[in-house]
Amino acid sequence: QGGNNAGHTVVVDGKEYDFHLFPSGIINPKAISFIDTKNHKSKSSSLTSQMKPKHVSLFLLTGLKDWEKRLIISDRAHIVFDFHQAVDGLQEVQRQAQEGKNIGTTKKGIGPTYSSKAARTGLRICDLLSDFEEFSSRFKNLAQQYKSMFPTLEVDVEGQLKKLKGYAEKIRPMVRDGVYFMYEALHGAPKKILVEGANAALLDIDFGTYPFVTSSNCTVGGVCTGLGVPPQHIGDVYGVVKAYTTRVGIGAFPTEQINEIGDLLQSRGHEWGVTTGRKRRCGWLDLVILKYAHMINGFTALALTKLDILDVLDEIKIGVAYKLGGKRIPYFP
């Protein structure tokens with residue numbers, strides 16, 4: 001779910017990788033990596049730019065070879081355009097001016113792309129790779145819709161289309177029918193299938209701390225809606241949680257420590273957003289939201305990370321309950 005708004009720092013054999021669209025499994029030369037229908041491709045700043053010579057050479061230098069031979073992209077994936085990203089920023093400015101606060105998005109265009117998708121005006125990889133004349137016409141219509149909503153928006157339509165045509169040929173060998181690919185993976189020779197999610201449960205569009213959320217389903221349900229995998233094929237569900245709580249951007253954070261403890265967690269844990277570079281807000285572990293995430297996802301196990309960051313503290317605290325109107329409540333309000 002989502003797109004290059006998510007950032008994953010992965011360290012393997014002492015080498016550090018910052019991924020936005022690539023599944024972390026791309027490092028493993030024995031694994032096939034698949035980008036599904038909800039993982040939107042931005043033609044300017046993510047997957048396709050990672051395919052430009054300077055990025056390819058970077059991956060070769062770090063030992064990530066032949067990645068393009070083991071990457072598959074779903075033909076149903078929606079495309080994030082430059083104007084989606086520009087509109088994301090303009091909307092944040094509008095929110096700040098009108099309400100005195102914004103959502104704190106990464107400005108990567110994910111929200112506007114989901115808006116296009118829901119309005120049935122979005123464009124997908126299959127559109128880009130089929131009739132380019134038809135694609136161009138729909139692209140121009142979509143750009144005009146946004147220009148009418150945001151008069152200051154400038155879109156170099158012809159320039160964008162020229163670039164897109166070039167990108168289409170670069171990614172064409174990687175594109176497959178995503179539903180059939182997953183069906184074969186599930187029903188063919190036995191395979192180990194690991195689905196990697198992006199963003200956190202509390203950023204889920206339906207179950208997160210709305211409106212300070214992302215635009216996609218960051219819960220286990222995303223496996224079904226993003227990949228077309230039937231529910232009965234979902235096996236173990238692993239929740240990944242730090243030994244303390246962090247958040248990028250604004251929104252409710254009851255256990256936040258705006259003090260030397262928060263500063264210590266931030267500095268020792270190297271807590272800044274991989275995508276935005278913003279410092280993450282830090283606080284004690286909140287078991288209420290962890291239990292809430294479990295209610296929705298049904299974790300079979302938890303991977304507790306960064307416990308060592310707390311080593312220098314004589315005492316640690318954990319959020320165990322919320323009170324509403326002076327009474328403890330057994331749910332996340």
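The values are calculated or read from the model by the stated rules, or taken from the named source; none is laboratory data. The shown structure was predicted, so the numbers you read here are calculated from the model rather than taken from an experiment. Glycine also receives a Cβ, built like all others from the backbone with ideal geometry; neighbour counts cover every protein chain displayed. With ligands, DNA and RNA removed, areas are computed over all heavy atoms of the protein, side chains included. Shrake-Rupley method; radii C 1.70, N 1.55, O 1.52, S 1.80 Å.
Odds and ends about this structure:
- Subset of Lys15/Lys242; Lys165/Lys191; Lys108/Lys317 violating a 27 Å alpha-carbon distance limit: Lys165/Lys191; Lys108/Lys317
- Solvent accessible area, Å² - Met149, 1.4 Å probe, full protein context: 110 Å²
- Percent accessible area from carbon and sulfur atoms, region 236-329, protein chains only, probe 1.4 Å: 56 percent
- Compactness of region 100-170 as Cα Rg over 2.2 N^0.38 Å, two decimals: 1.22
- Region 14-23 - phi-based ³J(HN,Hα) in whole Hz, Karplus 6.51/-1.76/1.60, Gly and Pro as x: x, 9, 9, 10, 10, 9, 10, 10, 4, x
- Calculated on alpha-carbon atoms, Rg and Dmax of region 236-329 in Å: 14.0, 39
- Between Val157 and Phe132, the contour length at 0.36 nm per residue exceeds the alpha carbon distance by 7.6 nm.
- Radius ratio Rg over Rh of region 124-254, counting only Cα atoms, Kirkwood formula for Rh: 1.06
- Dividing the alpha-carbon radius of gyration of the chain by the rule-of-thumb value 2.2 N^0.38 Å gives 1.04.
- Between Gly188, Gly111, Gly273, the residue with the greatest mean-square fluctuation in the GNM of the chain (Cα pairs under 10 Å linked by springs) is Gly188.
- Between Val93 and Leu287, the contour length at 0.36 nm per residue exceeds the alpha carbon distance by 66.4 nm.
- Axial C-alpha extent at least 27 Å, average Kyte-Doolittle at least -1.0 - helices from the chain (DSSP): none
- For Leu186 and Lys317, a Förster radius of 45 Å and the Cβ-Cβ distance give a FRET efficiency of 0.55, rounded to the nearest 0.05.
- Rg then Dmax, both in Å and based on the Cα atoms of region 69-108: 14.9, 48.
- Difference of contour (0.36 nm per residue) and Cα-Cα distance, Asp308 to Lys147: 53.0 nm
- Candidates Thr305, Thr106, Thr246: whichever shows maximal mean-square fluctuation once the chain is modelled as a Gaussian network with Cα springs under 10 Å: Thr305
- What region 236-329 shows is 60 Å² of accessible area per residue, with the surface traced by a 1.4 Å probe over protein heavy atoms.
- For the chain, built as a Gaussian network whose Cα springs stay under 10 Å, the top-fluctuating residue of Ala168, Ala97, Ala77: Ala97
- Simple rule: put +1 on each Lys or Arg Cβ and -1 on each Asp or Glu Cβ in the chain, find the dipole, and look at Leu129, Gly249, Gly109; the Cα lying farthest toward the positive end is Leu129.
- What separates the Cα centres of region 190-266 and region 290-333 is a distance of 14 Å.
- Only Lys, Arg (+1) and Asp, Glu (-1) charged, at Cβ; the chain dipole about Cα centre in debye: 260 debye
- Cα gyration tensor, region 291-333 - rounded (a/c under 1.5), prolate or oblate: oblate
- Interchain or long-range residues, amide H under 5 Å from Thr245's placed H: Gly283, Trp284, Leu285, Asp286
- Each peptide among 133-141, 120-128 gets the average number of other Cβ atoms lying within 10 Å of its residues, and from highest to lowest they stand as 120-128, 133-141.
- Sequence-distant residues sharing a close amide H with Tyr322 (under 5 Å, placed H): Ile329
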